[in-house]
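Right, one structure below, let's go through it.
The values are calculated or read from the model by the stated rules, or taken from the named source; none is laboratory data. Quick caveat, the model's predicted, so the values are computed rather than measured. FYI the Cβ positions are ideal-geometry reconstructions off the backbone, even for glycines, and counts take in every protein chain you see. Quick note on the areas: whole protein, heavy atoms, side chains included, nothing else; ligands and nucleic acids left out. Shrake-Rupley method; radii C 1.70, N 1.55, O 1.52, S 1.80 Å.
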Amino acid sequence: MDELRRIPGRKAVLVANDDGIFSPGIKALGLAMGSFADVVISAPDVEQSAVGHGITIRRPLRFKHTAAAGFGEIPAYRVDGTPADCVVLGTHLTGRPDLVVSGINLGLNLGDDLTHSGTVAAAIEGMTLGLPAIAFSQQATPSGEYDFQASAGYAAQLAQAVLARGLPPRTLLNVNFPHGTPRGVRVTRVGEHRWEDTIVTRHDPEGRDYHWVAGTSRAADAHDETTDYGAIQAGYISVSPVRIDLTARDLLAEVEGYLPGLG
């Protein structure tokens, strides 16, 4: 397909997510980005939560325009693949954007969640393509509802700031919104939030075992407002700069000291 026509001098933003193209979170984010930029939506056709940074390489992918997603004049495409696939196809098939944003996720992405979050993975894929990228996630209300008005508005402001200033290479922003009216904004470190896994075993009608992976949320630093989890618990928007550098540089010399030779 041909690249989409864009307005000269206007920034281009690619919007992806992991909740699927029909999620209210991506609709709120896409429309907010459309207030100042040329926008393309590229999102999974079904929910892809917690799939991490998977890339589809063993089968072909479909990239289908989807007017029914409700984005009006914003072109929206659904992909039968992962969030990272959506960023790859969106970037290569519709033209290289100036910014990749992902979300707004239905639920928070804090601490160790970043290692398996599809929302964050879409931002990571944008980052690996050399583009500034931001992941956005929203806390549900106690009754399980979501209100994206305040979060989408702030997302648009932050996106414009990043477009103006850029981000360092191999760096993205992970943003989480509390439910209700935020008390303010905190720049935070990624904390120690994790899920303590529990395996629930049950039996099907034929007596065979099947298993559910459940979990309990844990955070040793839950009351530390300098962390993403602590800031959210205190009612603040959490903005965490995340650098993807997997090398434990402080251990290079130590490992070299005990590494067996080939002799």
If you count, for each residue, the other Cβ atoms within 10 Å and average over each peptide, how do 242-248, 152-158 line up from highest to lowest? 152-158, 242-248
quick note, segment 54-147, DSSP beta bridge pairs, % antiparallel (nearest 5) is 45 percent
Which percent of the accessible heavy-atom area of segment 134-173 goes to carbon and sulfur, probe 1.4 angstrom? 51 percent
Pull up all non-local amide H partners of ASN17: gap of 5 or more, or a different chain, and H-to-H distance under 5 Å with H placed in the peptide plane. GLY103
Kirkwood radius from Cα pairs of segment 102-151 plugged into Stokes-Einstein at 10 °C, 1.306 mPa s, gives D in µm²/s equal to 137 µm²/s
Quick one: if the Förster radius is 35 Å, what FRET efficiency do THR198 and GLN157 give, using the C-beta to C-beta distance and rounding to 0.05? 0.30
Where does the charge balance sit around ALA248 when Lys and Arg score +1, Asp and Glu -1, over other residues with C-beta under 15 Å from its C-beta? -2
Any idea how far apart THR247 and ALA150 come out in nm if each label point goes 7 Å out from Cα toward Cβ? 4.3 nm
Note down the net charge around ALA84, summing +1 for each Lys or Arg and -1 for each Asp or Glu among other residues with Cβ under 13 Å from its Cβ. -3
Percent antiparallel among DSSP beta bridges confined to the chain, rounded to 5, stands at 45 percent
Kindly give Rg over Rh for segment 29-76, based on alpha-carbon atoms, with the Kirkwood expression for the hydrodynamic radius. 1.02
May I ask you to derive the relative contact order of the chain, considering only C-alpha pairs under 8 Å and at least 6 residues apart, and to give it as an integer percent? 17 percent
Per the Cauchy relation, a quarter of the hull surface: what is the mean projected area of the convex hull of the alpha carbons in segment 34-143, in nm²? 7.8 nm²
In the neighborhood of SER49, defined by Cβ-to-Cβ distances under 9 Å, what is the net charge if each Lys or Arg adds +1 and each Asp or Glu adds -1? -3
